[in-house]
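Beneath this line is the structure, given in C-alpha coordinates, with notes to follow.
The values are calculated or read from the model by the stated rules, or taken from the named source; none is laboratory data. Values in this document were obtained by computation on a predicted structure and should not be read as measured data. Because the Cβ atoms are built from the backbone with ideal geometry, glycine has one as well, and the counts that use them run over all protein chains shown.
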Amino acid sequence: MKKILGIIMCLVLFISCGNDDNNQEDQDAFEGCCSPDPVFGDNVNNLDQTQGEIVVVNLFTPNNDGVRDTFKIHNINLYANHTVTIYNSNDEVLFESSNYGEYPNFFPSEQPNGITPYQDGTYKYKIVVENEQTFLKSGTFCLFTNNPVIEQNFSECDPLADGFDPIISGL
(Lines give C-alpha, C1' and ligand atoms only; values in the text may rest on other atoms or scores of the structure.)
Protein backbone atom coordinates (compact mmCIF):
# COMPACT_ATOMS: atom_id res chain seq x y z
CA MET A 1 0.00 0.00 0.00
CA LYS A 2 2.86 2.42 0.82
CA LYS A 3 4.41 1.79 -2.61
CA ILE A 4 1.14 2.57 -4.40
CA LEU A 5 0.64 5.73 -2.34
CA GLY A 6 4.22 6.80 -3.10
CA ILE A 7 3.74 6.22 -6.82
CA ILE A 8 0.48 8.21 -6.82
CA MET A 9 2.15 11.11 -5.02
CA CYS A 10 5.03 11.13 -7.51
CA LEU A 11 2.58 11.18 -10.43
CA VAL A 12 0.60 14.05 -8.91
CA LEU A 13 3.79 16.06 -8.37
CA PHE A 14 5.03 15.31 -11.87
CA ILE A 15 1.74 16.26 -13.52
CA SER A 16 1.26 19.45 -11.47
CA CYS A 17 4.79 20.64 -12.25
CA GLY A 18 4.12 20.26 -15.98
CA ASN A 19 1.36 22.87 -15.92
CA ASP A 20 3.71 25.66 -14.96
CA ASP A 21 6.19 25.58 -17.88
CA ASN A 22 5.60 29.15 -19.04
CA ASN A 23 5.91 30.55 -15.54
CA GLN A 24 9.18 28.63 -15.06
CA GLU A 25 10.55 30.09 -18.30
CA ASP A 26 9.62 33.57 -17.07
CA GLN A 27 11.33 32.91 -13.76
CA ASP A 28 14.44 31.54 -15.52
CA ALA A 29 14.72 34.81 -17.49
CA PHE A 30 15.36 36.56 -14.17
CA GLU A 31 17.81 34.03 -12.73
CA GLY A 32 20.74 35.87 -11.18
CA CYS A 33 18.90 39.13 -11.62
CA CYS A 34 20.32 41.83 -9.33
CA SER A 35 23.02 39.54 -7.99
CA PRO A 36 25.85 41.41 -6.28
CA ASP A 37 28.39 38.97 -7.73
CA PRO A 38 30.74 40.09 -10.53
CA VAL A 39 30.30 38.24 -13.83
CA PHE A 40 33.54 39.09 -15.67
CA GLY A 41 36.22 38.29 -13.09
CA ASP A 42 36.85 40.11 -9.84
CA ASN A 43 35.82 43.73 -9.53
CA VAL A 44 38.73 46.18 -9.20
CA ASN A 45 38.50 49.53 -7.45
CA ASN A 46 41.75 51.49 -7.46
CA LEU A 47 39.95 54.65 -8.58
CA ASP A 48 39.86 57.78 -6.45
CA GLN A 49 36.10 58.26 -6.28
CA THR A 50 36.10 61.49 -4.27
CA GLN A 51 34.25 63.14 -7.17
CA GLY A 52 31.40 60.68 -6.57
CA GLU A 53 30.98 56.97 -6.01
CA ILE A 54 30.00 54.96 -9.08
CA VAL A 55 26.75 53.21 -8.15
CA VAL A 56 24.78 50.86 -10.39
CA VAL A 57 20.99 50.69 -10.08
CA ASN A 58 20.33 47.04 -10.80
CA LEU A 59 16.61 47.15 -11.66
CA PHE A 60 14.93 49.31 -14.26
CA THR A 61 11.61 49.45 -16.04
CA PRO A 62 11.78 50.87 -19.58
CA ASN A 63 8.07 51.48 -20.01
CA ASN A 64 8.33 55.16 -20.96
CA ASP A 65 6.67 56.46 -17.78
CA GLY A 66 9.62 58.69 -16.90
CA VAL A 67 10.63 56.58 -13.88
CA ARG A 68 13.66 54.27 -14.10
CA ASP A 69 13.34 53.98 -17.87
CA THR A 70 17.07 53.48 -18.46
CA PHE A 71 19.88 51.53 -16.83
CA LYS A 72 21.33 54.03 -14.34
CA ILE A 73 24.94 54.35 -13.28
CA HIS A 74 25.21 57.20 -10.83
CA ASN A 75 28.29 59.46 -11.20
CA ILE A 76 29.74 57.66 -14.22
CA ASN A 77 29.64 60.97 -16.09
CA LEU A 78 32.19 62.37 -13.58
CA TYR A 79 34.88 60.07 -14.98
CA ALA A 80 35.76 61.04 -18.55
CA ASN A 81 37.68 57.94 -19.56
CA HIS A 82 35.08 55.20 -19.11
CA THR A 83 33.38 52.45 -21.09
CA VAL A 84 30.05 50.80 -20.35
CA THR A 85 29.19 47.56 -22.12
CA ILE A 86 25.88 45.69 -21.90
CA TYR A 87 25.63 41.98 -22.72
CA ASN A 88 22.82 39.47 -23.07
CA SER A 89 22.86 36.12 -21.26
CA ASN A 90 25.05 34.64 -24.05
CA ASP A 91 27.71 37.35 -23.53
CA GLU A 92 26.88 39.01 -26.85
CA VAL A 93 27.45 42.77 -26.83
CA LEU A 94 24.17 44.67 -27.10
CA PHE A 95 25.40 48.16 -26.33
CA GLU A 96 28.68 49.98 -25.73
CA SER A 97 29.37 53.62 -24.86
CA SER A 98 32.35 55.73 -23.85
CA ASN A 99 30.19 58.63 -22.62
CA TYR A 100 27.40 56.80 -20.85
CA GLY A 101 24.54 58.87 -19.48
CA GLU A 102 24.84 61.73 -21.96
CA TYR A 103 21.99 61.81 -24.44
CA PRO A 104 21.56 59.52 -26.37
CA ASN A 105 24.14 57.26 -24.73
CA PHE A 106 22.10 55.14 -22.36
CA PHE A 107 20.63 51.65 -22.36
CA PRO A 108 18.18 50.96 -23.81
CA SER A 109 18.48 53.61 -26.49
CA GLU A 110 15.39 55.72 -26.98
CA GLN A 111 12.96 54.21 -29.44
CA PRO A 112 10.52 56.35 -31.46
CA ASN A 113 7.53 54.46 -30.05
CA GLY A 114 8.92 54.43 -26.50
CA ILE A 115 8.96 50.62 -26.42
CA THR A 116 12.22 48.81 -25.71
CA PRO A 117 13.29 46.17 -28.26
CA TYR A 118 14.71 44.06 -25.41
CA GLN A 119 12.84 41.36 -23.54
CA ASP A 120 12.34 41.29 -19.80
CA GLY A 121 15.09 39.42 -18.03
CA THR A 122 18.63 39.46 -16.74
CA TYR A 123 21.40 41.34 -18.54
CA LYS A 124 25.09 41.74 -17.75
CA TYR A 125 27.15 44.91 -17.56
CA LYS A 126 30.82 45.80 -17.47
CA ILE A 127 32.11 49.23 -16.47
CA VAL A 128 35.75 50.20 -17.00
CA VAL A 129 37.25 53.54 -15.94
CA GLU A 130 40.75 54.32 -17.23
CA ASN A 131 41.62 50.61 -17.58
CA GLU A 132 40.73 47.29 -15.96
CA GLN A 133 43.49 47.70 -13.37
CA THR A 134 42.09 51.06 -12.22
CA PHE A 135 38.36 50.36 -12.11
CA LEU A 136 36.38 47.35 -13.28
CA LYS A 137 32.87 46.59 -12.14
CA SER A 138 30.64 43.91 -13.62
CA GLY A 139 27.38 42.34 -12.61
CA THR A 140 23.79 41.76 -13.59
CA PHE A 141 20.69 43.90 -13.72
CA CYS A 142 17.00 43.32 -14.34
CA LEU A 143 15.06 44.81 -17.21
CA PHE A 144 11.38 44.59 -16.28
CA THR A 145 8.41 45.93 -18.22
CA ASN A 146 5.95 43.30 -16.95
CA ASN A 147 4.81 42.69 -20.50
CA PRO A 148 3.50 40.02 -20.68
CA VAL A 149 2.32 40.20 -17.08
CA ILE A 150 4.19 37.81 -14.82
CA GLU A 151 4.52 37.54 -11.09
CA GLN A 152 8.11 38.32 -10.14
CA ASN A 153 9.95 38.62 -6.84
CA PHE A 154 12.70 41.23 -6.83
CA SER A 155 13.80 40.63 -3.25
CA GLU A 156 17.48 40.55 -4.35
CA CYS A 157 17.05 44.00 -5.86
CA ASP A 158 16.56 47.28 -4.11
CA PRO A 159 13.56 48.66 -6.00
CA LEU A 160 13.42 51.86 -3.93
CA ALA A 161 17.15 52.60 -4.22
CA ASP A 162 16.48 55.04 -7.01
CA GLY A 163 13.01 56.27 -6.21
CA PHE A 164 9.46 54.97 -6.32
CA ASP A 165 8.44 53.08 -9.46
CA PRO A 166 4.75 52.23 -9.91
CA ILE A 167 5.41 49.15 -12.07
CA ILE A 168 7.51 47.56 -9.32
CA SER A 169 5.30 48.61 -6.43
CA GLY A 170 2.33 46.93 -8.15
CA LEU A 171 3.94 43.53 -7.73
Conditions first: (1) loosely packed, with under 11 Cβ neighbours inside 10 Å; (2) modelled with pLDDT of 80 or more; (3) of a type in the set (A, V, I, L, M, F, W, C). Phe71 passes all but one, so which condition is the exception?
(1)
Residue list for the stretch 35-46, restricted to those being farther than 19 Å from Gln133 by Cβ and among the polar types (S, T, N, Q)
Ser35
Restricting the first residue to the stretch 47-76 and requiring it to be over 26 Å from Asn131 (Cβ atoms), which pairs with a second residue that is in a loop (DSSP other than H, G, I, E, B) and among the basic types (Lys, Arg) meet a Cβ separation below 6 Å and a spacing of at least six or different chains?
Phe60/Arg68; Thr61/Arg68
Give just the number: which of (1) on the phi > 0 side of the Ramachandran plot; (2) surrounded by 12 or more Cβ atoms within 10 Å (Cβ to Cβ); (3) at pLDDT 85 or above does Val84 not satisfy?
(1)
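Right, Ser98: over 24 Å from Asp37 (Cβ atoms) and at pLDDT 70 or above or not? If you could, list the steps in order and put the result at the bottom.
Values: over 24 Å from Asp37 (Cβ atoms): yes; at pLDDT 70 or above: yes.
For Ser98, the condition - over 24 Å from Asp37 (Cβ atoms) and at pLDDT 70 or above - is met.
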Within the set of pairs 6 or more residues apart or between chains, which connect a residue that is over 17 Å from Lys72 (Cβ atoms) inside the stretch 120-142 to a residue that is charged (D, E, K, R) and at pLDDT below 95 with Cβ atoms less than 9 Å apart?
Asp120/Asp26; Gly121/Asp26; Gly121/Asp28; Gly121/Glu31
